[in-house]
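Read through the structure below, which is laid out as structure tokens, and then see the notes.
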Amino acid sequence: MLKLSEQQELLRKVVREFVENEIAPIAQKIDEEDTCPVELFKKTAQLGFNGVFVPVNYGGAGLGYTEMAIIVEEIARHAAGFGMGLVTHYMAVYAIMTWGTEEQKQKYLPMVCSGSYGGLSVTEPGGGSDFMGQKSTGQLVDNEWVLNGRKCFITNSHCMGVNVVSVRTGEDAKGRPQLSAFIVEGGAPGHTAGRKEKKAGLRGSFTGDIILDNVRLPQDSLLGKQGDGAKISLGTLGEIGRGGTAAVALGILRGCLEESVKYAKERIIYGKPLSNLTNIQFAIAQNRTDYEAARLLTYNAVGTKDAGKPCSSEIAMAKFFAAEAAVNAAKRTMDLMGGYGVVTDYPVSRYLRDAVATIPGCGTSHIMQIIIAGGELRK
Ligand SMILES: Cc1cc2nc3c(=O)[nH]c(=O)nc-3n(C[C@H](O)[C@H](O)[C@H](O)COP(=O)(O)OP(=O)(O)OC[C@H]3O[C@@H](n4cnc5c(N)ncnc54)[C@H](O)[C@@H]3O)c2cc1C
């Protein structure tokens, strides 16, 4: 049985109250306008959400990854796009916290904990799944690193304060691409946001290009050692990005469950509530079971990370299951609502658009299955 601590349940209560008061009333507006709610992000910073797993001495709340998932689930229950922006921010925070020098941590962690948006830039036009195929470069010229290239599909692209960027810095001894990670401030000369994608779902977090045009960086912008880029980006995506995206999908699943129950009780058909029909009960049962299974997988995965144990398979399973289940639950809930399912006054069609967008985010379901199968086959 999954049991969260009393403090964790208390945190959930605080986040839920905040979300119901401050986010739920504007969730539809955020989706329609597809803006990045920077002011809201400052409020979540004030509540300690933005640096939830960062030690207190760097401006964080000193909690863990389970608490991260609680915050993301509660936010995504009403505004999955804003939740995804927060998840991507957490990736930058985690990379700096885990691989940064003391100076880097002291400089950047208080910034990202107090309202500055973080981002992680890996994907390029050549394909996000082809991680080692990145073509952006970093060259050491006159004691400075010079970054060039184009990243695409980057969340928080147009509101970025601190970007953790992966580029190619040479080849390793076997002739394979050597990747390194750098901390780049959003306003650094040559670092600009380019095209902004018009997404079907997860609107409310910007997703777009980051152009690197002769971005000159001091040597101490390197995160970890030269050649640590793959370890840093994959470690961050694999644990924080996917764990967080699973929690986004979990929030959508809870939305589907709650909306299906509410509608089935309120809608009168044949003179009785819709919930009297057995097939409607089947849909509610499936929504409840999907939510519960995704909840167990997600909190088990982040709990494994909190325990300091290897968790990439657990996290891939949670992300794979929760994202696919959220798509199915949203479609099922729309069906349950008949014609009203496609009316945008109800949030459920937005849940479907949001759920579909969680599938490619931080690695597709195909890639999750390759990771899960790989873990089994190596045993
Ligand atoms: C909402 C959203 C937010 C995102 N945020 C970020 C971000 O902040 N930072 C960032 O760096 N990236 C981000 N991405 C990019 C995301 O990581 C990529 O979209 C994802 O990795 C897939 O890459 P791709 O879109 O290039 O698809 P491709 O890699 O071109 O894949 C196309 C298809 O081929 C399949 N495929 C690919 N390789 C294999 C394989 N080896 N075996 C079997 N099937 C395969 C895929 O599953 C998919 O079905 C975001 C994407 C979205 C949608």
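Every read-out reported here was derived from the displayed coordinates using simple, explicitly stated rules and does not represent laboratory data. Keep in mind the model is a prediction, meaning the values are calculated, not measured. All Cβ positions, glycine included, derive from the backbone under ideal geometry; neighbour counts span all protein chains shown.
Values computed for the structure shown
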{"read-out": "Rounded, prolate or oblate (a/c below 1.5 giving rounded, otherwise prolate when a/b exceeds b/c) for segment 193-346 by Cα gyration tensor", "value": "oblate"}
{"read-out": "Using θ = phi - 60° and Karplus 6.51 cos²θ - 1.76 cosθ + 1.60, couplings along segment 47-56 (whole Hz; Gly, Pro as x)", "value": "7, x, 6, 5, x, 4, 9, 8, x, 4"}
{"read-out": "Radius, Kirkwood style, for segment 6-117 when every pair of distinct Cα atoms is counted (Å)", "value": "14.1"}
{"read-out": "Per-residue ³J(HN,Hα) for segment 318-334, Karplus 6.51 cos²θ - 1.76 cosθ + 1.60, θ = phi - 60°, Hz, x for Gly and Pro", "value": "4, 5, 4, 5, 5, 5, 5, 5, 5, 4, 5, 5, 5, 4, 4, 5, 4"}
{"read-out": "Separation of alpha-carbon centers, segment 243-265 and segment 95-148, rounded to whole Å", "value": "33"}
{"read-out": "Theoretical ellipticity at 222 nm over the chain - DSSP helices of four or more residues, -39500 (n - 2.57) apiece, nearest 500", "value": "-16000 deg cm²/dmol"}
{"read-out": "For Leu179, distant residues with modelled amide H under 5 Å away", "value": "Thr169, Gly229, Ala230"}
{"read-out": "Gyration tensor (alpha-carbon) shape descriptor, segment 119-230, a/c threshold 1.5", "value": "oblate"}
{"read-out": "For segment 231-377, with +1 on Lys and Arg beta carbons and -1 on Asp and Glu, the positive-most of Leu336, Leu237, Phe282 along the dipole", "value": "Leu336"}
{"read-out": "Alpha-carbon centroid distance for the pair segment 313-379 / segment 11-76, whole angstrom", "value": "22"}
{"read-out": "Integer Hz, Karplus 6.51/-1.76/1.60 couplings in order for segment 20-27, x for Gly and Pro", "value": "5, 7, 9, 10, 3, x, 10, 4"}
{"read-out": "Given charges at beta-carbon only (K, R positive; D, E negative), |dipole| of the chain in Debye", "value": "680"}
{"read-out": "Other-chain or far-sequence residues with amide H under 5 Å of Thr123's (modelled H)", "value": "Cys152"}
{"read-out": "Relative contact order (%) - the chain, alpha-carbon pairs under 8 angstrom, separation at least six", "value": "17"}
{"read-out": "Residue (of Ala326, Pro125, Ser5) at the positive-pole extreme of the chain, dipole from beta-carbon charges", "value": "Ala326"}
{"read-out": "Charge dipole magnitude, Cβ of K and R +1, D and E -1 - segment 6-117, Cα centre, debye nearest 20", "value": "260"}
{"read-out": "Protection proxy ranking, peptides 108-117, 333-342, average beta carbon neighbours within 10 Å, highest first", "value": "108-117, 333-342"}
{"read-out": "Cα-based convex hull, the chain, per residue volume (Å³, whole number)", "value": "139"}
{"read-out": "Residue pairs, from the table Lys105/Lys151; Lys3/Lys309; Lys43/Lys198; Lys43/Lys231; Lys13/Lys305; Lys135/Lys198, whose Cα atoms sit over 30 Å apart", "value": "Lys43/Lys231"}
{"read-out": "Tyr340 versus Met1: modelled label distance in nm, points set 7 Å from Cα along the beta carbon direction", "value": "3.6"}
